[in-house]
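None of the figures in this text is laboratory data; all of them are computed from the coordinates on show. Since we're looking at a predicted model, the values are computed, not measured. Cβ: placed from backbone, ideal geometry, glycine included. Neighbour counts: every protein chain shown.
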Amino acid sequence: MTHPYQPEGELAFLTPKGTRMRLPARFGPDREQPGRPGAQSRTVTLGDRTVLQHRIGPGDPRAHAALERETAAAVALERRYADHGFGEVFTRVVGYDLDAPEPFVLYRITDGEPLVSYRGALGVREQLRVAGQLALAVRLLEDAGLVYRAIGPDTVRWNGTHVRLAEPYAAMRAGEPREAYGTAPWASPEQRGGTGGADPRDDLWSVAQLVYYLVAGRPDRGAGPPADLADFRGLAALHQGGAFAPLAAGRPAPAELMRLLNVPDPLALTTGGPDPLHAGRAEYERQIARKRAELGLDRPPPPPEPHERARPSWWPVRRPTAPPPKPPAVPSPPAAQAASPERLCPHCLLPVVYDESRLVTIDPMGDRVPLDLSGDLPPAHVRDLLRTAYQLCPYADEDNLHELPVPYLTNGRPLTIALVGSSGVGKTHLLAAMLGEVEQGGLEPYGLKCLPLNPDTHRTFLRERVQSLLQGRELGRTGQQTFARFADGLLVTGSGPTRPVIFFDLAGEDLAQDSEVARFLTGIDAFVFVLDPLRALSLPSLDPVRELNGLRRRDLGDEAFTTVLNRVPRTRGPYIAAPTAIALNKSDLVRVEPAVDQWLGRALPPRFRPEEVRAESRDVHAFVARHATQAWLRPFDDSARCTLHFVAATGGQARDDRFPHGVRPRRVLAPLLSIFAMCGLLPGVDHGEVGI
């Protein structure tokens, strides 16, 4: 750890409900805790109450990620079951601070002894009680969407009346890819091997093995049902129910095992309270249905129109030799590819055609040098020269000279993407994190290949933005401009021709003003609206961070959102036609919120799943609607197609221009993948069904 032992001081932390506390504290000595690599544990006396603190040092991303996951699980269980007596089967969390110089979590100190002390010493009644309460714990974990993964004789305590599971330091979200964890016999074969997805029935295997250990007085080998099960009547329900099956699919559901053990299921009568996001999710579905109806997406095809006015049957009819041709369908924006050689200049919004007489290169001093291709150059040399060449825009004047990369003019239909948000919301960090993931091959699992639009510009962006961010440095704010220039560009090959993709990242002050510099917005193909939780959400846990950064919550939404949405033309009825995505950036600040954790805590799937994107959009919409005003959801309200995502560009807060715990981007490619899907770039995806 970085700080020497100090017996007294103060400790500030957030409670599970998000309230900030600062209390005098007396600290005990450090000790290592089994199952917590990279962590130290100690007692902390807060007033008249002593708790247990687990903390990690800076610079250990794996330990930090594990502590985040543990804290999110502990807070979810506390919020869900704290007001119910049956919640006492879990160790109760007291508080946490994941952004402290040494992040930590606090727990109540539990009573009782680990079950390893009771091997073969419990009576039949106590054995049944332990089995029933462990099955209940797994049932409660299942209902919270969690898999504990560490049930064993050292992690379960017994006080003569109740069992209590240790802190959920190994917990995962149900359905996440299993990570190899645990040893035989306590961990199931699938969990030990790290195959498939985490399943609540993994914990039932552990329960069965632990109860066998208590009854038989010894552990089994852990390969399947113990050979001597028939010798122990107390294990009949576990055996007959299939709890010892080597595969999770062969084991009963937790509620079924409780029935076999004659243990009442409290969740059949009550749960951890009503879902706080239920109304918001329902409202999202209503709005999607309304949009689809207004855009005519759910209407049945109209009946064929009669070619002639009805006549009496005796009237002679000249029948057509063939039915008249149907009117041509209007192509969707992604389908309107490179039929025309013209490309819209993204700066002045006027058509430009590739013209070799206007080609230049840019030397190290920034001067434009004419490029002459009239000589007898080999085709390979020409291709290489054009890769880094520019064409001067014919409409540029002396005050606003600008040029276009040649590949922008010689490939498929360009896709321009603008990041929108006020100054300080994290647009630059998000774009740098996105392109850092792209550079590391993050789009290849989705069938996309990427090259730089211009190698020199891309190399500069990687060096000045991406590499600086990945080295833990906070990026400076984007300066205001008198002329909008794109930050970087890619050549993306996916479904159809290779398409240039360029990204605009303007200062928030420029976006919030109706100035000439933002005129290019009317020609943008897609938008990523970057939503800042510090400005939007009314959660009390964000108040200290707001105070630290000198920010206030705004009920009127983001000024840049409003200005851009007012400026972009509506070409699909009352809606903006350009695909949009809302990125709830800095989601790490609210990562212990269950709705956030279930998305931010999981990696993006290796293929694009529209139904999963819709589920995440529904949750983000409901979360923002519950904790912010409707003004923050205006991009969704005003756009024909819009997806919403929990993302974190940095994964933590900066101190003194650096990120002390390193940079840990989370799900930053999700908004970009949705934009690509809506624009027809993703292979195998129906672009018309994404975001609507």
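Worth a mention:
- At 1.002 mPa s and 20 °C, Stokes diffusion of segment 409-689 via Kirkwood alpha-carbon radius, µm² per second: 114
- The Rg/Rh ratio of segment 8-108, with both radii computed over alpha carbons and Rh defined as the Kirkwood radius, is 0.95.
- Cα lying deepest toward the dipole's positive end in the chain, options Leu140, Leu267, Thr361, charges on Cβ: Leu267
- Of the two radii for segment 414-562, the radius of gyration is 0.99 times the Kirkwood radius, both from the alpha carbons; that is the Rg over Rh value.
- Cα extents for segment 632-692 along the principal axes, largest to smallest and rounded to whole angstrom: 45, 29, 13.
- Panel order for Lys586, Lys427, by other beta carbons found within 10 Å of each beta carbon, from fewest to most: Lys586, Lys427.
- Equivalent ellipsoid semi-axes - Cα gyration tensor, segment 113-268, angstrom: 21, 17, 16
- Computed E for Lys449/Arg286 - FRET, C-beta separation, R0 60 angstrom, nearest 0.05: 0.90
- A Förster radius of 41 Å, combined with the Cβ-Cβ distance separating Ala223 from Thr571, puts the computed FRET efficiency at roughly 0.05.
- Our helix-only sum for the chain, with -39,500 (n - 2.57) per DSSP H run of n ≥ 4 divided by its residues, gives a mean residue ellipticity at 222 nm of -8500 deg cm²/dmol.
- A straight chain from Val545 to Val360 at 0.36 nm per residue would run longer than the Cα-Cα distance by 61.8 nm.
- Farthest toward positive dipole pole in the chain [+1 Lys/Arg, -1 Asp/Glu at C-beta], among Leu247, Thr650, Val93: Leu247
- Order of Met434, Met172, Met678 - criterion: other Cβ atoms within 10 Å of each residue's Cβ, fewest first: Met172, Met434, Met678
- Considering only Leu204, Ala237, Val124, and ranking their Cα positions along the charge dipole of segment 113-268 that arises from unit charges at the beta-carbon of Lys, Arg, Asp and Glu, the one farthest toward the positive end is Val124.
- Remark: spin-label model distance Ala603-Thr522 equals 4.6 nm, labels positioned 7 Å along the Cα→Cβ axis.
- Computed log₁₀ I(q)/I(0) - Debye formula, equal Cα scatterers, no solvent, the chain, q 0.11 Å⁻¹: -1.14
- As a proxy for reagent exposure, ranking Cys642, Cys679, Cys348 by other Cβ atoms within 10 Å from fewest up yields Cys348, Cys679, Cys642.
- Global geometry of segment 540-675, whether rounded, prolate or oblate, following the gyration tensor of its Cα atoms and the 1.5 cut on a/c: oblate
- Exposed loop sites are taken as chymotrypsin sites (Phe, Trp or Tyr not before Pro) in a DSSP loop (any state but H, G, I, E or B) with at most 15 other beta carbon atoms within 10 Å; the longest stretch of the chain without one runs 6-313.
- For Ala628, the shell of other residues with beta-carbons less than 10 Å away shows a net charge of +3, using +1 for Lys and Arg and -1 for Asp and Glu.
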